[in-house]
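Worksheet for the structure shown next.
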Amino acid sequence: MKSFLVTFATKHFQLNQKILEYSALNCGGFDEVRSWSSEELRKTEFFEKHKTVLDQKRGAGYWLWKPYIILKALQDANEGDYVAYSDCGQRNQYLTRSIKPLLEKCSRNRGVLPGVNIPHWGNSTRWTKRDCFVLMGCDAPVYWNHCQVQASFSVFQKNSSSLNFVQEWLAGCEDQRILTDISNACGLPNFPDFVEHRHDQSVLTLCAIKFGYDGLGSSSVQQPYADPEKSKVMNYVLAKMGSPVDVQFGAGIYLVYQVILSSLYRKLLRCNRFIKKHQGN
């Protein structure tokens, strides 16, 4: 069984993406990394179908691309392979140790680790607009009172259950009424403690509750980190958000190497054009 990491970055975060890619292959033990760019996404039929949303600045299209690239990676993988996703956003994230314990945890969790529970943020009523609850068939206390599951890091093992989960996540995100910040249309107001909608994360959270998948760490708002076993694994995930010198140095060497090669290539192209221009003179 192979393990794959899938990432996405706009031009502002491509350096973060390169560092994450380097650490995943050299420290995390991943077999392959699939790094998406905005330009590549724009070439897909998926982009054309959802251009109105994906052209929005917030989240490079309200993060609609996230379940899409994860589902595509799962569909391309073999049965039993692992697909992990990690953000490349404003906070540098990179791996400092093997991903194997999380893969084993994912396998024990029926092939889905949706993310890290964040109970210190409070209930989902604070971070999910009412239409999202209603249109996903989740307008009930079990969903309202659950904490959010952070969508910045997820792990999936390819099987029918994980495919169904990501397909449901994507289907919810494809509905603008569920995903975006447009006003509620179902006739019910947001809850009194509502702060703002969390888009793909709100949809992911409702899917995790609906399908019965545990996020990492305690989901109790009253006792955020009461479960030692889950907290241990959760802390393992959070440990990847460090700044070890060896990873930074290795990634730095890699990036310098890439820059030098690109510079040499451009110089060769200019020389080639110069020679062709002056041939026969």
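The values are calculated or read from the model by the stated rules, or taken from the named source; none is laboratory data. Everything numeric in this text was worked out from a predicted model, so none of it was measured. All Cβ positions, even for glycine, are placed from backbone atoms using ideal geometry, and neighbour counts span all protein chains on display.
Annotations
- If you check Thr128, Thr96 for being buried (at least 16 other Cβ atoms within 10 Å of the Cβ) and in a loop (DSSP other than H, G, I, E, B), only one passes: Thr128.
- Residue list for the range 1-60, restricted to those being assigned to a loop (DSSP other than H, G, I, E, B) and free of Cβ contacts under 8 Å to residues at least 40 places away in the same chain: Asp31, Lys43, Thr44, Asp55, Lys57
- When the residues of the range 183-213 are filtered to those that are under 19 Å from Pro67 (Cβ atoms) and part of a loop (DSSP other than H, G, I, E, B), the one that is farthest from the chain's Cα centre (by Cα) is Gly212.
- The residue list Glu168, Glu104, Glu196 contains one member that is under 18 Å from Lys210 (Cα atoms) and charged (D, E, K, R), which is Glu168.
- Matching residues in the range 143-183 - criterion: being in contact with a helix residue (DSSP H, G or I) (Cβ under 6 Å, 6 or more places away or on another chain) and charged (D, E, K, R): Lys158, Glu168, Arg177
- One residue alone among Leu102, Leu64, Leu95 is among the aliphatic types (A, V, I, L, M) and modelled with pLDDT of 95 or more, and that residue is Leu64.
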